[in-house]
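First up is the structure itself, then whatever we jot down about it.
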Amino acid sequence: MTDIRTGNGYDVHALAPGLPLFLGGVEIESPVGCVAHSDGDVAIHALCDALLGALALGDIGKHFPDTSDEFKGIDSKILLHRTMNLIKEHGYHIGNADITIAMQRPKLAPYIMQMRQTLAAVMGTSPDRISVKATTTEKLGFVGRGEGCEVYATVLLLK
């Protein structure tokens with residue numbers, strides 16, 4: 001019998017001018033980037049939370065605290081790789097992941113396939129198991145005002 005686990009993750013980061021913007025492991029051309037202790041890849045952070053949550057392993061802050069100098073400026077793909085190692089140590093593999101990025105601008109459609117390919121490579125799966133979608137909030141709320149970016153992630157793990 002297959003053991004199936006689901007997890008969801010959510011993360012949000014403020015945006016500020018002059019910072020690089022990384023989403024889904026890809027650098028996005030943008031005048032603003034995420035304010036964060038790491039590289040600020042809010043998509044990977046939400047994905048890590050979903051993966052950890054599926055196995056009741058806590059959250060990204062438990063494993064990679066923003067109070068640690070070890071993680072200052074770290075490439076979030078490294079965090080995702082380490083999270084996937086934990087998943088594999090527990091005998092699970094990715095069934096699929098579904099990620100929704102809410103950001104008013106820049107437009108993310110040109111980067112979606114590259115994000116899917118990058119995330120799949122780090123996670124040791126194929127891009128057809130990784131969905132990345134982008135949306136705006138129709139200029140409503142902090143996302144609509146361009147003050148921040150939020151991401152929702154859902155994963156299915158199989159053993």
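Modelled spin-label separation between GLU29 and ILE4, with each label point placed 7 Å from Cα along the Cα-to-Cβ direction: 4.2 nm.
Bridgeable lysines around LYS72 (alpha carbons under 23 Å apart, same-chain partners fewer than 8 residues away excluded): LYS62.
For the chain, the longest principal axis of the alpha carbon atoms and the long axis of helix 112-123 meet at an angle near 40°.
Cα-Cα over 30 Å: which of LYS133/LYS159; LYS77/LYS107; LYS88/LYS139?
Distance filter (> 30 Å) returns LYS88/LYS139.
When GLU89, GLU147 are compared by accessible area at a 1.4 angstrom probe, the order from most to least is GLU89, GLU147. Grab the beta carbon distance between HIS90 and ALA121, set R0 = 30 Å, and tell me the FRET efficiency rounded to 0.05. Calculated transfer efficiency: 0.90.
The Cα-based radius of gyration of region 1-97, divided by its Kirkwood radius, gives an Rg/Rh of 1.01.
Measuring only protein heavy atoms, the 1.4 Å probe finds CYS48 accessible over about 0 Å². For TYR92, TYR10, the ranking by accessible surface with the largest value first comes to TYR10, TYR92, using a 1.4 Å probe. Rolling a 1.4 Å probe over the protein heavy atoms leaves ILE4 with an accessible area of roughly 100 Å². Take the Cβ atoms of GLU70 and ASP128, set R0 to 30 Å, and the FRET efficiency comes out at 0.30.
The largest accessible area among LYS77, LYS133 belongs to the first residue in LYS133, LYS77, and the rest follow in falling order (1.4 Å probe, all chains). Heavy-atom surface analysis with a 1.4 Å probe gives region 1-92 a carbon and sulfur content of 53 percent of its accessible area. Think of a 1.4 Å ball rolled over the protein heavy atoms: the chain then has 49 Å² of accessible area per residue. Separation of region 1-57 and region 112-134, taken as the distance between their Cα centroids, equals 13 angstrom. For LEU57 and VAL12, the difference between the fully extended length at 0.36 nm per residue and the C-alpha to C-alpha distance is 14.2 nm.
The share of alpha-carbon pairs in region 85-159 lying farther apart than 14 Å comes to 64%.
The values are calculated or read from the model by the stated rules, or taken from the named source; none is laboratory data. Bear in mind the structure is a predicted one, so any value in this text is a computation, not a measurement. For neighbour counting, all protein chains shown are included, and Cβ atoms are generated from backbone atoms with ideal geometry for every residue, glycine included. SASA here: full protein model, heavy atoms, side chains in, ligands and nucleic acids out. Shrake-Rupley method; radii C 1.70, N 1.55, O 1.52, S 1.80 Å.
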